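Structure, as structure tokens:
The values are calculated or read from the model by the stated rules, or taken from the named source; none is laboratory data. The structure presented is a predicted model; accordingly, all values stated were derived computationally and were not measured. All Cβ positions, even for glycine, are placed from backbone atoms using ideal geometry, and neighbour counts span all protein chains on display. Remember, those area values only see protein heavy atoms, side chains included, never the ligands or the DNA or RNA. Shrake-Rupley method; radii C 1.70, N 1.55, O 1.52, S 1.80 Å.
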Amino acid sequence: MNSFGEKLKFYRELNGMSIEELAVKARIGKHTLEQYETGEQIPTTQTILKLSTVLDVAASVFLEAL
């Protein structure tokens, strides 16, 4: 589990959330989250902070994967 997308998916599933649920809670488009998980797109630092807050994971966990 080295890439940002792999970590995002791991912590999303660990929190029992679907992509749709995370999208709503983080106010990010579902398609955009799918692209983050597959590595097609890299999120901004602001988006990483949102995701880390919603998933209750330190932002550094995600930042080190970029």
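Observations on the structure shown:
- The set of residues in region 23-66 that are open to solvent by less than 50 Å² (accessible area, probe 1.4 Å), in a loop (DSSP other than H, G, I, E, B) and in contact with a Lys or Arg (Cβ under 9 Å, 6 or more places away or on another chain) comprises ILE28, PRO43, VAL57, ALA65.
- Entry remark, region 18-42: residues being at negative phi and in contact (Cβ under 8 Å) with a residue 24 or more places away in the chain number 8 in total.
- Selection over region 7-22 of residues that are part of a helix (DSSP H, G or I) and surrounded by 14 or more Cβ atoms within 10 Å (Cβ to Cβ) gives a count of 9.
- In the set (1) in contact (Cβ under 8 Å) with a residue 12 or more places away in the chain; (2) of a type in the set (Phe, Trp, Tyr); (3) within 13 Å of VAL61 (Cα to Cα), PHE10 fails one condition alone, (1).
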